[in-house]
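One structure is given here, and the rest of the page talks about it.
The values are calculated or read from the model by the stated rules, or taken from the named source; none is laboratory data. Computed from a predicted structure; not experimentally measured. Every residue, glycine among them, receives a Cβ derived from its backbone with ideal geometry; neighbour counts consider all protein chains shown. Surface accessibility is based on the protein's heavy atoms, side chains included, excluding ligands, DNA and RNA. Shrake-Rupley method; radii C 1.70, N 1.55, O 1.52, S 1.80 Å.
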Amino acid sequence: EAAVTQSPRNKVTVTGGNVTLSCRQTNSHNYMYWYRQDTGHGLRLIHYSYGAGNLQIGDVPDGYKATRTTQEDFFLLLELASPSQTSLYFCASSDARRGQVFFGKGTRLTVV
Amino acid sequence: QEKVQQSPESLIVPEGAMSSLNCTFSNSASQSIWWYQQHPGKGPEALISIFSNGNKKEGRLTVYLNRASLHVSLHIRDSQPSDSAVYLCAVRGTGSNRLTFGKGTKFSLIP
């Protein structure tokens, strides 16, 4: 069973603060993704990567940085957090051949 | 950018009923279409996918794809309480491994 682990599961930070969300996958997948999920908008892609050192821009990248340090680890960075970034964040992974995307359990981020 | 729209926004059915969820997408050349199920407090999980025109059946689920009309539907037979969840339609774009999601259909059984 494919495994994607996110940490922390919940995070509260202040406006202007720095936040790093972590994701590790043990599926040997090439692709990793960061999505945010909001009521009325559904799941929206922030950034994704197809290997260590690679970064691709998604549909809602503003205010976010990401870094893929190894095949297993993908990080999402909010350097000046704003209340509009309060959301449920999902990390996911997939391989190039099958296309099925496996999701983590999510990180609920609140910016006050 | 691929666009994916789902209908209805919510659906309430009696236990044992047949249910239909709809999804339209913007690019007929999209590689594949996926349906995901998401229970409260959990991440989405893949249920079924389809690439070619026609239908595909897995257990109580059947998916129909018509690329000409840019439409895909998911049919759930003999609805069970465990089926209560949000169902997400997702499209894999041409030459891409990224999925674009619709906003989802909230599916519930009449208590």
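Of note:
- Those strands (runs of 3 or more DSSP E) lying entirely in the range A:6-95 with at least 2 residues among the β-branched types (Val, Ile, Thr) and out of contact with any Asp or Glu (no Cβ under 7 Å at 6 or more places or on another chain): A:10-13, A:19-25
- Flag for residue A:64 being touching a strand residue (DSSP E or B) at 6+ places or on another chain (Cβ under 9 Å) and within 14 Å of chain B (Cβ to nearest Cβ): no
- Failed item, numbered, when residue A:13 is tested on (1) open to solvent by less than 80 Å² (accessible area, probe 1.4 Å); (2) closer than 29 Å to residue B:105 by Cα; (3) of a type in the set (Val, Ile, Thr): (2)
- Scope the range A:1-23; condition of a type outside the set (Ser, Thr, Tyr) and closer than 13 Å to residue A:103 by Cα; matching residues: A:1, A:2, A:3, A:4, A:6, A:23
- Checklist (1) in contact (Cβ under 8 Å) with a residue 60 or more places away in the chain; (2) open to solvent by 50 Å² or more (accessible area, probe 1.4 Å) applied to residue B:13, failing item: (2)
- Subset of the range B:48-100 [within 14 Å of chain A (Cβ to nearest Cβ), small (Gly, Ala, Ser) and closer than 15 Å to residue B:5 by Cβ]: B:90
- Pairs with Cβ under 9 Å, 6+ apart, first in the range B:28-46 and farther than 26 Å from residue A:23 by Cα, second charged (D, E, K, R) and assigned to a loop (DSSP other than H, G, I, E, B): B:28/B:67; B:29/B:67; B:30/B:2; B:30/B:67
- Number of the exception - residue B:46 against (1) open to solvent by 40 Å² or more (accessible area, probe 1.4 Å); (2) assigned to a strand (DSSP E or B); (3) under 17 Å from residue A:92 (Cα atoms): (1)
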